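Heads up: the structure comes next, in structure tokens.
The values are calculated or read from the model by the stated rules, or taken from the named source; none is laboratory data. Just so we're clear, the structure is a prediction, and the values are computed from it rather than from any experiment. In this analysis, Cβ positions are derived from the backbone assuming ideal geometry, glycine residues included, and neighbour counts consider all displayed protein chains.
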Amino acid sequence: RATLPLVINTWEFQHAADAAWRALQAGGSVMDAVEKGCSRCEAEQCDGSVGFGGHPDERGETTLDAMIMNGNTMEVGAVGDLRRIKNAISVARAVMEHTEHTLLVGESASQFAENMGFTAEDLTTNNSISVFTQWLKDNCQPNNRKNVSPDPSKYCGPYKPGPTLKHRRRREIDIHAHD
Amino acid sequence: TIGMVVIGRDGQIAAGTSTNGANYKVPGRVGDSPIAGAGSYAESAAGGAAATGNGDVMMRFLPSYLAVELMRIGTEPSTACETAISRIKRHNPGFFGAIICANSTGHYGAACNKIPGFTRFPFVVYNSQTNTPLLQSVDC
């Protein structure tokens, strides 16, 4: 039987749902609940696909994407490619509450976050460094490059534009390696 | 990625996502998570939805927006979620992705795209019925 209030979230992240529910029980708004719930995963990294220390990019850096939306006012705050700041969804909320914008990205988003009082720190961990090091040893496989040379299915970069392959490279899907 | 939808006692809805994105991404790459209508979407008169998966593909189809618009016209959350997934599958049969949906009365559902190694999608629900963060799952 459907009842309210309701918290629902992706994957097995029960701590996140618990944090959101506690925020509601403490009299917080639904926005507070979403922020607290997602923040819990950012702090605990959940399955490695959220927060610092996971999914290094081609340079070994971890960067974060997040958004929050108020279904009453239809306001949205979002950050993309956020660097050196752990609290991505809180920064997204700050974009919504302290600018007229919707989405801030990259280094400038990190500077906005620092100006708003968020702490800048290194988002890599021993784990993400060892994952990245192993990736380099494996000739940068898998990667997200195509139609470049050297052949991205065999070699690391740097890459230059190359011939367009007729049929797309078949790529194994790692369900833990995505958004 | 964590995607979350919260509906208050009075029907107010908020949604959000947070992620560190794809492994070994090209520096500068942003996925679907921070894109309103792709990563998540909410409108208190209709419902909320949040997605996870291959953001490079999913963001092009705005699955969360589509699901909320379907719930606006009365579509059950599970069906709204399934339609959003099938819309992507039509163009990218092998994509990895899943979505959660909830409407303003507290009904909820989820859906995912069946591919080798991914045939069931877990999600968590917490309301006064469950009284705890209850792990549930849906077959893709």
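Things to note:
- The set of residues in segment A:47-60 that are out of contact with any helix residue (DSSP H, G or I) (no Cβ under 7 Å at 6 or more places or on another chain) and either facing chain B (nearest Cβ under 7 Å) or small (G, A, S) (or both) comprises A:G48, A:S49, A:H55, A:D57, A:E58, A:R59.
- Matching residues, segment B:8-48, being out of contact with any Asp or Glu (no Cβ under 6 Å at 6 or more places or on another chain) and outside any loop (DSSP other than H, G, I, E, B): B:I13, B:A14, B:A15, B:G16, B:T17, B:A36, B:S40, B:Y41, B:A42, B:E43, B:G47, B:G48
- Qualifying residue in segment A:58-69 (condition: at pLDDT 95 or above and over 25 Å from B:V26 (Cβ atoms)): yes
Matching residues to (1) within 22 Å of B:N20 (Cβ to Cβ); (2) of a type in the set (A, V, I, L, M, F, W, C); (3) touching a strand residue (DSSP E or B) at 6+ places or on another chain (Cβ under 8 Å); (4) touching a residue at least 24 places away in the same chain (Cβ under 8 Å):
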| position | (1), (2), (3), (4) |
| --- | --- |
| B:M59 | yes, yes, no, yes |
| B:V68 | no, yes, yes, yes |
| B:R72 | no, no, yes, yes |
| B:T83 | no, no, no, no |
| B:F96 | yes, yes, yes, yes |
| B:C101 | no, yes, yes, yes |
| B:Y126 | no, no, yes, no |
| B:P133 | no, no, yes, no |
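- Residues that are polar (S, T, N, Q) and closer than 16 Å to A:E121 by Cβ, drawn from segment A:37-59: A:S39, A:Q45
- Failed item, numbered, when B:Q12 is tested on (1) crowded, with 22+ Cβ neighbours inside 10 Å; (2) in contact with a helix residue (DSSP H, G or I) (Cβ under 8 Å, 6 or more places away or on another chain); (3) free of Cβ contacts under 8 Å to residues at least 60 places away in the same chain: (1)
- Within segment A:32-43, if we keep just the residues that are of a type in the set (G, A, S) and in contact (Cβ under 8 Å) with a residue 40 or more places away in the chain, the residue that is surrounded by the most Cβ atoms within 10 Å (Cβ to Cβ) turns out to be A:S39.
- Filter result (facing chain B (nearest Cβ under 7 Å) and β-branched (V, I, T)) within segment A:64-90: A:I68, A:V76, A:V79, A:I89
- Odd one out for B:A36, checked against (1) aliphatic (A, V, I, L, M); (2) surrounded by fewer than 21 Cβ atoms within 10 Å (Cβ to Cβ); (3) at the interface with another protein chain (Cβ under 7 Å from one of its Cβ atoms): (2)
- Failed item in (1) surrounded by 23 or more Cβ atoms within 10 Å (Cβ to Cβ); (2) under 25 Å from A:T3 (Cβ atoms), with B:V125 passing the rest: (1)
- All conditions in (1) at the interface with chain B (Cβ under 8 Å from one of its Cβ atoms); (2) in a loop (DSSP other than H, G, I, E, B) hold for A:C41, with the sole exception of (2).
- Count of residues meeting criterion [of a type outside the set (D, E, K, R), assigned to a helix (DSSP H, G or I) and at the interface with chain B (Cβ under 7 Å from one of its Cβ atoms)] in segment A:1-23: 5
- Complete set of residues in segment B:52-66 that are within 8 Å of chain A (Cβ to nearest Cβ) and crowded, with 24+ Cβ neighbours inside 10 Å: B:T52, B:G53, B:G55, B:M58
- Only listed residue being β-branched (V, I, T), under 25 Å from B:R120 (Cβ atoms) and either without any contact (Cβ under 8 Å) to a residue 24 or more places away in the chain or touching a Ser or Thr at 6+ places or on another chain (Cβ under 9 Å) (or both), chosen from A:V50, A:V95: A:V50
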